[in-house]
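Visitor: Would you mind keeping the following structure in view while I ask a few things?
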Amino acid sequence: MKKILIALFAFMSFLFAKEIVITKYLENKPKIVINYIGPTQVKKILDMDMKVLDHFQYTYNDANATNANMKFNFTYNKAKKTLTVKYIKNNNVVLTRIYKSNTYAFFPFLVHKAVYDINEYFHLPSAKFLIRKVIYSILVAPKESAIYLSDYTLSYKRRLISGGLNIFPKWADEKQTTIYYTKLQRKADLYKYNIYTGKKEKILSSQGLLIVSDVKDGKLLVTMAPNGQPDVYMFDPNTKNLTQITSYPGIDVNGKFWGDDKIVFVSDRYGVPYVFSKDLRTGNITRVLYHGKNQVGVDAYKNFLVVSTRETDNAFKPNTFNLFLLNKNDDSLKRLTFGGQNMFPNFSVDGSSIMFIKRENFSSKIGIIRLNENKVFYYPLPKILQSFDW
């Protein structure tokens with residue numbers, strides 16, 4: 001099992017139509033003025049949201065602005081744990097929104113929702129990444145890892161699960177109320193956990209590996225190694241039906257649903273790991289991307305794939321892993337990163353952004369690629385994440 005874990009960690013015209021729309025509004029971004037009153041910590045999150053969103057020309061506390069489309073007055077009351085946002089047009093308040101939380105620590109989510117609502121008010125392209133919750137697993141002691149809940153900037157942190165080796169958390173539903181995660185004990189146990197009620201339910205057990213890699217329409221793609229051989233399976237929690245999808249005397253891991261009739265996964269069936277697809281109707285298996293020395297990570301959104309590809313072959317220094325975006329409709333390939341070790345790509349729920357981990361110069365940071373805006377933003381990590389999902 002230890003060898004399998006080591007191997008697993010080692011592996012680990014829609015777009016163009018949107019780009020036309022994006023180009024049009026980016027040339028004429030709405031001009032707004034933001035007036036802010038409140039703690040500096042809250043202002044910092046507001047700054048981050050506006051910068052990463054990149055949908056507005058904005059200034060702060062600019063009393064002389066004459067060509068702004070609107071003004072937005074943000075007021076955070078720390079005692080009441082309330083964020084009030086007033087929408088002002090032609091010196092008239094046209095809308096007031098109030099955001100509340102039970103604890104001060106939750107303020108990042110209030111700011112994210114407020115900025116998301118402003119983006120929706122202007123009918124700009126989706127910014128759901130702002131309001132998505134992030135779950136991640138991190139090593140806290142030898143043979144012990146905990147699972148945390150956070151926002152996309154990792155500014156908010158709440159521990160959900162601790163005690164033992166708790167790894168590979170995955171959101172179980174679109175509303176982000178429940179997660180799947182693996183607890184490694186004498187066996188690998190797969191649990192479903194409600195983040196609000198704390199209710200926990202064991203749904204599957206196996207010798208060796210048992211990791212959820214994707215969830216779609218209630219069905220799970222899992223990597224299992226009941227006989228010491230990792231393969232991709234499909235599991236239906238409602239019927240308890242378990243179907244083996246791949247069968248190869250090597251390593252098949254990290255299955256992802258790709259469209260309605262295919263999955264993609266990482267396999268060493270060519271001697272080194274590459275990304276393959278399997279047609280669920282015909283059973284045909286095809287190598288997806290002929291680029292790089294090998295490919296160690298993949299995620300899918302509709303017709304798109306993001307792949308982590310090793311591009312160097314260094315024996316005495318770290319190799320370079322870059323991310324590439326692939327569209328199966330036209331076989332287009334777009335480089336997303338340059339340099340460093342860019343791993344574990346993860347699409348946002350609306351496909352507009354990709355979160356990943358970048359390792360460079362003995363440090364790690366979270367990266368967020370804004371695909372339509374052609375920009376990437378980074379947040380430092382105090383510790384190395386074992387895995388994450390958003």
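Visitor: Once amide H atoms are built 1.01 Å from N in the peptide plane, which residues 5 or more positions from residue 164, or in another chain, come under 5 Å H to H?
Guide: When sequence neighbours closer than 5 places are left aside, the close amide H contacts are 145.
Visitor: How high is the relative contact order of the range 31-123? Use alpha-carbon pairs under 8 Å, at least six apart in sequence, and give a whole percent.
Guide: Values: 140 pairs, mean separation 26.5, N = 93.
The value is 28 percent.
Visitor: Which of the peptides 353-359, 217-223, 90-96 is most tightly packed, and how do the rest follow, going by the mean number of other Cβ atoms within 10 Å of each residue? Intermediate results must be reported in sequence, preceding the final value.
Guide: Values: 353-359: 22.1, 217-223: 19.1, 90-96: 9.4.
Going from most to least packed, we get 353-359, 217-223, 90-96.
Visitor: On to the next question. Would you list, by chain and number, the lysines whose Cα falls below 22 Å from the Cα of residue 78, excluding same-chain residues fewer than 8 positions away?
Guide: The reachable lysines, counting only those whose Cα sits under 22 Å from residue 78, are 43, 44, 86, 100, 113, 157.
Visitor: In what order do 55, 291 fall by count of nearby beta-carbon atoms within 10 Å, going from fewest to most?
Guide: 291, 55
Visitor: State whether the range 296-390 is rounded, prolate or oblate according to the following rule on the C-alpha gyration tensor (a ≥ b ≥ c being the square roots of its eigenvalues): a/c under 1.5 gives rounded; otherwise a/b larger than b/c gives prolate, and the remaining case gives oblate.
Guide: Values: a/c = 1.95, a/b = 1.31, b/c = 1.49.
In terms of gyration-tensor shape, oblate.
Visitor: Same structure, new question: Can you give me the C-alpha center-to-center distance between the range 67-107 and the range 118-177, rounded to a whole angstrom?
Guide: Rounded to whole Å, the Cα centres lie 25 Å apart.
Visitor: Something else about it: What number does the range 31-123 give for Rg over Rh if you use C-alpha atoms and the Kirkwood radius?
Guide: Across the range 31-123, the Cα-based Rg/Rh ratio is 0.94.
Visitor: Rounded to the nearest Å, what's the spacing between the alpha carbon centres of the range 311-362 and the range 253-282? Just the number, please.
Guide: 18 Å
Visitor: Please report the antiparallel percentage of the DSSP beta bridges confined to the chain, to the nearest 5.
Guide: If we restrict to bridges inside the chain, about 90 percent are antiparallel.
Visitor: Would you work out the relative contact order for the range 70-220, in percent, from Cα pairs under 8 angstrom that are 6 or more residues apart?
Guide: Numbers: 289 pairs, mean separation 16.8, N = 151.
Relative contact order of the range 70-220: 11 percent.
Visitor: Mind sorting 260, 231 by how few other Cβ atoms lie within 10 Å of their own Cβ, fewest first?
Guide: Going from sparsest to densest Cβ surroundings: 260, 231.
Visitor: Sticking with this structure for a sec: Provide 308, 363 in ascending order of the number of other Cβ atoms located within 10 Å of each residue's Cβ, fewest first.
Guide: Values: 308 28, 363 11.
With the sparsest Cβ surroundings first, the list reads 363, 308.
Visitor: Once the other residues with Cβ under 12 Å from the Cβ of residue 282 are scored (Lys, Arg +1; Asp, Glu -1), what is the net sum? Don't skip to the end; give the middle numbers.
Guide: Working: positive: 262, 278, 281; negative: 261, 279.
That works out to +1.
Visitor: Can you compute 3J(HN,Hα) from phi for each residue in the range 223-233, using the Karplus curve 6.51 cos²θ - 1.76 cosθ + 1.60 with θ = phi - 60°, rounded to whole Hz and x for Gly and Pro?
Guide: 9, 10, 9, x, 10, x, 10, x, 9, 9, 10
Visitor: What are the residues whose amide H is under 5 Å from the amide H of residue 95, where those residues sit 5 or more places off or on another chain and H is modelled from the backbone?
Guide: 87
Bear in mind these aren't lab numbers, they're just calculated from the coordinates by the rules spelled out. This structure is a prediction, so every number in the text was calculated from the model and none was measured. With ideal geometry, Cβ positions are generated from the backbone for all residues, glycine too; neighbour counts draw on all protein chains shown.
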